[in-house]
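The values are calculated or read from the model by the stated rules, or taken from the named source; none is laboratory data. Just so you know, these numbers come straight off a predicted model, no measurement behind them. Note that we place each Cβ from the backbone using ideal geometry, even for glycine, and neighbour counts take in every protein chain shown.
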Amino acid sequence: MQFLPSSILELIEALRSLPGVGQKTAERYAFFLLRQNPLIARKLSGSLQKIERGFPLCTCCQNYAENELCSLCSDPNRNHRLVCVVAEPLDVVALEEAGGFQGTYHVLHGLINPIEGISPDELKIEALLTRIEKDQVSEIILALDSDLTGEATAVYLARQIKPLGVKITRLAQGLPQGGEIGYTDPDTLARALDERREF
């Protein structure tokens, strides 16, 4: 594709680095942006620059936030003694879209995975344990993927949390084996939260 200007090739290459975007999709996106009103590209560019500067983490739940506390943790109507532990921020989005959950969340930012070199020390587990004692949490819901790394992380967390005397529950069955929370439909997630079981 040497016949294209280098700036367009750079854009295509940058778009290809996104998950699920192959060469043809990256080309379609690039040419879509070229054909559109320049305001769209400027808005996209501005959003990407904000992300490049980074977002702080909520000091409570470790999710991305614009302030010290995210909007969920600063909401006085949420039950702060009920904490749903998830692997990624996308999982919070999925569970919130499912509706009905009135507790708060804790984002680990990954799962224990020795093959990829991710140990418990690299996750936000210590912050969770500190929070359990500080906020007098009464129940922890482990809303982790039902694959091998999700199960290993759940078992590890249960061993760390049980001595603190906190009730530990898991999402009810209905999530597909090996499925990811962030890609599960809202109705299934809402049912899984309502029918959670003790771990």
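Worth pointing out:
- Options A30, A94; residue that is farther than 25 Å from D187 by Cβ and part of a helix (DSSP H, G or I): A30
- Looking only at the range 119-147, residues that are of a type in the set (V, I, T) and without any contact (Cβ under 8 Å) to a residue 24 or more places away in the chain come to 1 in all.
- Checking N77 against (1) under 24 Å from D145 (Cβ atoms); (2) loosely packed, with under 14 Cβ neighbours inside 10 Å, the condition it does not meet: (1)
- Residues within the range 174-192 that are at pLDDT 70 or above and either touching a helix residue (DSSP H, G or I) at 6+ places or on another chain (Cβ under 7 Å) or among the β-branched types (V, I, T) (or both), tallied: 7
- Hey, R53 of a type in the set (K, R), closer than 30 Å to I125 by Cβ and either surrounded by 15 or more Cβ atoms within 10 Å (Cβ to Cβ) or modelled with pLDDT of 90 or more (or both) or not: no
- Of the residues making up the range 100-119, those that are surrounded by 15 or more Cβ atoms within 10 Å (Cβ to Cβ) and closer than 19 Å to I168 by Cα are F101, G103, T104, Y105, H106, V107, L108, L111, I112.
- Matching option when the condition is more than 16 Å from the chain's Cα centre (by Cα) and modelled with pLDDT of 95 or more, among L111, L82, L142, L128: L82
- Residue that is in contact (Cβ under 8 Å) with a residue 24 or more places away in the chain, loosely packed, with under 14 Cβ neighbours inside 10 Å, of a type outside the set (S, T, N, Q) and more than 30 Å from T104 (Cβ to Cβ), where the choices are L44, L34: L34
- The range 99-134 - residue that is polar (S, T, N, Q) and in a loop (DSSP other than H, G, I, E, B) and, of those, nearest to T59 (Cα to Cα): Q102
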